[in-house]
Ligand code: EPU
């Protein structure tokens, strides 16, 4: 059983690389240990941290920080064409993707190289290149913080949406996810290569009949060319969500900006890439002191070293105000500001 430590720096526990201190900190390596910790600290304020890849710290955490670090991946059930695989919450997401590819299990190759851990992936229904976690999600186990019972959530119960789930809404702060079950394909893999950049990348790799491993390689190449590696430049991936606006508003925008890209959502609404809006507003590559907007992807805010969380937060507010003024669009943050 790990011990609670006092006054611990969280710099290495958040991919933005922001310095902030936890009043109390414990790293747990099993769900039993988590339950014991919760039992012994029932009056403490809690703050749960996984891969720390979707948060911007703007202050010290006056709480018991619980770092979810339980490991393990196993095949739970095999059928002719599919397999149920269980991964513990503390597993690194990309290592889990690589393990699946080594076993020739398909479904998450498009989600290669997404930072973060398995246990936090369902919270915001991670997604990239035409695939979302919900497409392969089977169920997850979570500890109810109040009752300390283990509860299971199936696909329907998780209420997944675009970068959204029950864990960001009515279940927020009430559960800690300890493991996730995925349904992956064993053969006849369904490939998702329609996303423009993937088709192009496979072509430049001279691949005509891609395997799931080829798709993963293509995704890794695209991500590495656009998105900064958090180990080198602190960041939390996309800082904002892509806004969904009404078709009427979109038609007006298109008059002024005929080249604006868009993705269909329904016959009333359309999604516009926030990265395009931010670039158009002149922020791409913009750098202040030690933070700024990444030069290859305007949706990513970066910490070039020792940046202050409040500075980055204030900068994000400036971006939001500018986008509102120029395009009359409200940008919503994807990253959790703490
Ligand atoms: N664009 C620009 N300028 C930029 C960035 C993008 O004009 O600086 C335009 C591109 O030209 C393209 C469109 O915006 O027409 C979309 O760009 P991209 O394919 O890079 O994807 P995105 O919409 O910016 C989303 C996800 C990413 C995910 C990619 C690929 C959100 C908030 N972000 O970004 O997810 O990797 O699609 O599927 O939905 C994340 O959530 O942290 C993340 C990185």
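Per-structure values
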quantity: Residue within the stretch 268-281 that is away from the ligand (no atom under 14 Å from the Cβ) and closer than 22 Å to residue 247 by Cβ present; calculated: yes
quantity: Of all residues in the stretch 301-338 being crowded, with 20+ Cβ neighbours inside 10 Å and touching a helix residue (DSSP H, G or I) at 6+ places or on another chain (Cβ under 8 Å), the one that is nearest to residue 249 (Cα to Cα); calculated: 327
quantity: Single unsatisfied condition, residue 267 versus (1) crowded, with 16+ Cβ neighbours inside 10 Å; (2) in a loop (DSSP other than H, G, I, E, B); calculated: (1)
quantity: Test for residue 156: is it at pLDDT 95 or above, out of contact with any strand residue (DSSP E or B) (no Cβ under 9 Å at 6 or more places or on another chain) and more than 22 Å from residue 32 (Cα to Cα); calculated: yes
quantity: Within the stretch 161-170, considering residues that are touching a residue at least 12 places away in the same chain (Cβ under 8 Å) and part of a loop (DSSP other than H, G, I, E, B), the one farthest from residue 265 (Cα to Cα); calculated: 165
quantity: Matching strands (runs of 3 or more DSSP E) fully within the stretch 34-99 where at least 3 residues are within 17 Å of residue 150 (Cα to Cα) and either over 15 Å from the mean Cα position of the chain (by Cα) or not assigned by TED's automatic domain parsing to the domain that holds residue 311 (or both); calculated: 82-88
quantity: Residue in the stretch 172-207 that is nearest to the ligand (Cβ to nearest atom), counting only those that are assigned to a loop (DSSP other than H, G, I, E, B) and in contact with a strand residue (DSSP E or B) (Cβ under 6 Å, 6 or more places away or on another chain); calculated: 192
quantity: Members of the stretch 293-306 that are under 20 Å from residue 331 (Cβ atoms) and either within 20 Å of the chain's Cα centre (by Cα) or more than 16 Å from the ligand (Cβ to nearest atom) (or both); calculated: 293, 294, 296, 297, 298, 299, 300, 301, 302, 303
quantity: Total residues in the stretch 101-110, condition out of contact with any strand residue (DSSP E or B) (no Cβ under 6 Å at 6 or more places or on another chain), closer than 18 Å to residue 72 by Cα and crowded, with 23+ Cβ neighbours inside 10 Å; calculated: 1
quantity: From the options 53, 27, 44, residue that is buried (at least 17 other Cβ atoms within 10 Å of the Cβ), more than 14 Å from residue 338 (Cβ to Cβ) and either in contact with a strand residue (DSSP E or B) (Cβ under 6 Å, 6 or more places away or on another chain) or touching a residue at least 60 places away in the same chain (Cβ under 8 Å) (or both); calculated: 27
quantity: Members of the stretch 323-336 that are more than 15 Å from the ligand (Cβ to nearest atom) and in contact (Cβ under 8 Å) with a residue 24 or more places away in the chain; calculated: 328
quantity: Filtered residue count, the stretch 222-264, keeping only those that are more than 10 Å from the ligand (Cβ to nearest atom), farther than 30 Å from residue 14 by Cα and not in a loop (DSSP other than H, G, I, E, B); calculated: 13
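The values are calculated or read from the model by the stated rules, or taken from the named source; none is laboratory data. Everything numeric in this text was worked out from a predicted model, so none of it was measured. For neighbour counting, all protein chains shown are included, and Cβ atoms are generated from backbone atoms with ideal geometry for every residue, glycine included.
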